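Only one structure is covered here, and it is reproduced in the block below.
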Amino acid sequence: MPEWAFDQASTKQRLRDFFSRNRADIAAFGSTVNQTFEAFVFASVIEWYRSRGWIVHIVNPIDQITKKTRFRLKFSTRGRPDNYSYAVAHKRRKAVQIRHQLRVATNSHRRNKRFYANVCLDVAVIRACDLSGYKTFFAVPNRSLITFGEAKHMSAFAELIAGFLGLVHELQPKRLQKLPSRPRSGRHLAPFLFVSGLLLRTAQGIEYTIKRRGFDVDIYSSTNQLSSAFAKK
């Protein structure tokens, strides 16, 4: 097996161990490899905050049949946010939510228009807010977005990274401003693209120019992990 291959079975087991306090079963982490990789990235973001002193707990929805809480991730662009699990992270007086497949308005979206400009993000970190009244097509205001990440089960090529930069431009264009030095406060992740495979040569070239231009974004891959929580032993 190639070194960069994403092992769905072992990752599901590690995810179940990671979410053990929530009694999550293997089925909760998706039926396809793409879905399991999304769950892996979601958990990696949670661990990033936890490893930096944030107190994290998982909020689970109530199962309408059993009337008990149930760990459930959102593997679709459709669905009410409060029907799915999410993480709440606290540090001192600050609180954020880490959501999976959350719809967020773009920076240029304006209310009371005929068309809605929003994007469903694989992982979104937002300011703490109540989304219990949100329907499937409701979007969180752009001002509530702190950072976000996209998960792709593939190796990266130049066009994929260029597309990701376009997404950053739509959501948080200031991240792409050329600055004397890149802001690295460490309080939150920068927007990121995480691929399960490798960066192909053209993708490496784009990544190099991203660093040279001082953009506040990151690219993660099988050789550059976001978190060490799921590192193979």
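Coordinate-derived values only; no laboratory data. Values in this document were obtained by computation on a predicted structure and should not be read as measured data. Reconstructed Cβ throughout: ideal geometry from the backbone, glycine too, with neighbour counts over all protein chains shown.
Here are the numbers:
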{"quantity": "Neighbour net charge for Phe138 - beta-carbon separation under 9 angstrom, K R +1, D E -1", "calculated": "+3"}
{"quantity": "Inter-label distance, nm, simple model (7 Å from Cα along the C-beta direction), Arg78/Ser20", "calculated": "3.7 nm"}
{"quantity": "Protection proxy ranking, peptides 157-166, 95-104, average beta carbon neighbours within 10 Å, highest first", "calculated": "95-104, 157-166"}
{"quantity": "Spread of Cα-to-Cα distances over 10 Å intervals beginning at zero, given as percent, for the chain", "calculated": "7, 32, 38, 20, 3, 0"}
{"quantity": "Entries of Lys91/Lys174; Lys67/Lys152; Lys12/Lys211 with Cα pairs more than 30 Å apart", "calculated": "Lys67/Lys152; Lys12/Lys211"}
{"quantity": "Computed helical MRE - 222 nm, the chain, DSSP H runs ≥ 4 contributing -39500 (n - 2.57), nearest 500", "calculated": "-8000 deg cm²/dmol"}
{"quantity": "Positive minus negative residues near Ala158 (Lys, Arg vs Asp, Glu; Cβ under 12 Å)", "calculated": "-1"}
